[in-house]
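The values are calculated or read from the model by the stated rules, or taken from the named source; none is laboratory data. What you are looking at is a predicted structure, and each value in this text was computed from that prediction instead of being measured. Neighbour counts run over all protein chains shown; Cβ positions are idealised from the backbone, glycine included. Note: accessible area is taken over every heavy atom of the protein model, side chains too, but ligands, DNA and RNA are not part of it. Shrake-Rupley method; radii C 1.70, N 1.55, O 1.52, S 1.80 Å.
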Amino acid sequence: MAVRVSVGAAEIVALRDGEHPLDRAWHFPGVPAQAWEGQDGRPLNFGGYLVETDGKVVLVDTGWGPYLGPPGGLARPAALLEELAEAGYTPAEVDLVVFTHLHPDHVGWNLVLDPGQDPRPRFPNARYLVPRADWEHYRDLEHKHPNIVQQALPLEELGVLRLIEDGHRVTPSLRAVALPGHTPGHTGYALGDREAFLLGDLAHHPVVLRETGWAQRFDFDPEQAVATRERTLAELEDTGTLVAFGHFPHPGLGHVIRKEGRRAWLPW
Ligand SMILES: [Zn+2]
C-alpha cells in the first residue's frame, strides 16, 4: 500500500513495486553468516517515491517494472502503477522522473512496450532526469541488463532524456546530491534544507547503518561506496531529517539515530 507523509509543504509517497527474498550470503558476499545474528530476514523491497513539491509531481525511480518475471524481477506482478493510482495520481500527471542510479531494479516502469509498436514513455508528460555519470557508464557497458536496454536507453531517442549533475535543482526545493560508489553516478535527492533526503541504494538493509563497511554485491566501487555511506550517515545522525531507503522494508522511511552508542534505524 502506498504510504504518504507530509514534509512541510511537500508530500512524499512511498510506492511499492514488490519484493523478493534477501539472500544474505549472495547480497553481502564478504559478510559471515554469524554477523547477521539477531537481524530479521525480511525481504528486499523494490519501488519508488513520489515527491510533490513546488507544484510539480516528481517520481524518484520506477522499480523493476512489469516486464521481468523471476529470477530477475519480482515474484509477482509489479504493483507500482497501482500504488500510484491508489495515491491519486495518473501517469500523465508526473512532471519529472528522476533516478538515484541506473540499475535495472530502478528503471522498470519507464516505458510502455506493446508488441509490434515502438516504445513510448509511460509518463507521457515527463522529462526523465538521469545522473550523467551513470548514463555514460551504463550506455557504454558491454553486457547490458535487459531492463537497461529496454527501459533506459530508448529515453534518448524519444527525446525525453535530460542528463543532470551534482547540485541540479529538480525543482526549487528538490536538489540532486552526488552519493557515488554504489554506481558511478549514484545520486540522492534532498528536499528543502534536508527536511527529507531520498538516499537510493546508499544502504540495502537497516543493519548497514551500523555496519557501514559491509559492501553490497552490486557496489560498483566498494571503497567509495563505504566512504560515501559513512560520511552521509554521520551527517544525518540525530538531525531529524526524514530519510528514504528504497530497499528497506516498505515504506523505507525513517530516521538515522544513535542509540546505545551505535548508529541505528528508526522506522517512520
Ligand atoms: Zn537497487
| Trp135 being within 16 Å of the ligand (Cβ to nearest atom) and either open to solvent by 50 Å² or more (accessible area, probe 1.4 Å) or among the hydrophobic types (A, V, I, L, M, F, W, C) (or both) | no
| request: Would you mind stating whether Gly188 is open to solvent by less than 50 Å² (accessible area, probe 1.4 Å) and either within 16 Å of the ligand (Cβ to nearest atom) or assigned to a loop (DSSP other than H, G, I, E, B) (or both)? | output: yes
| Can you spot a residue in segment 212-228 that is touching a Leu at 6+ places or on another chain (Cβ under 6 Å) and more than 19 Å from Ala35 (Cα to Cα)? | yes
| query | Residue check: is Gly240 on the phi > 0 side of the Ramachandran plot and either of a type outside the set (Ser, Thr, Tyr) or in a helix (DSSP H, G or I) (or both)? | reply | yes
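I'd like the full set of residues that are over 21 Å from the mean Cα position of the chain (by Cα) and either of a type outside the set (Lys, Arg) or open to solvent by 40 Å² or more (accessible area, probe 1.4 Å) (or both), limited to segment 258-268.
Residues satisfying the conditions are Arg258, Lys259, Glu260, Gly261, Arg262.
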| said: Can you go through Glu230, Glu165 and tell me which one is more than 16 Å from the ligand (Cβ to nearest atom), without any contact (Cβ under 8 Å) to a residue 60 or more places away in the chain and touching a helix residue (DSSP H, G or I) at 6+ places or on another chain (Cβ under 9 Å)? | reply: Glu165
| said: For segment 31-67: of the residues being more than 16 Å from the ligand (Cβ to nearest atom), modelled with pLDDT of 95 or more and open to solvent by less than 20 Å² (accessible area, probe 1.4 Å), which is farthest from Leu113 (Cα to Cα)? | reply: Thr53
| note | Within segment 101-110, the count of residues that are buried (at least 24 other Cβ atoms within 10 Å of the Cβ) and more than 8 Å from the ligand (Cβ to nearest atom) comes to 5
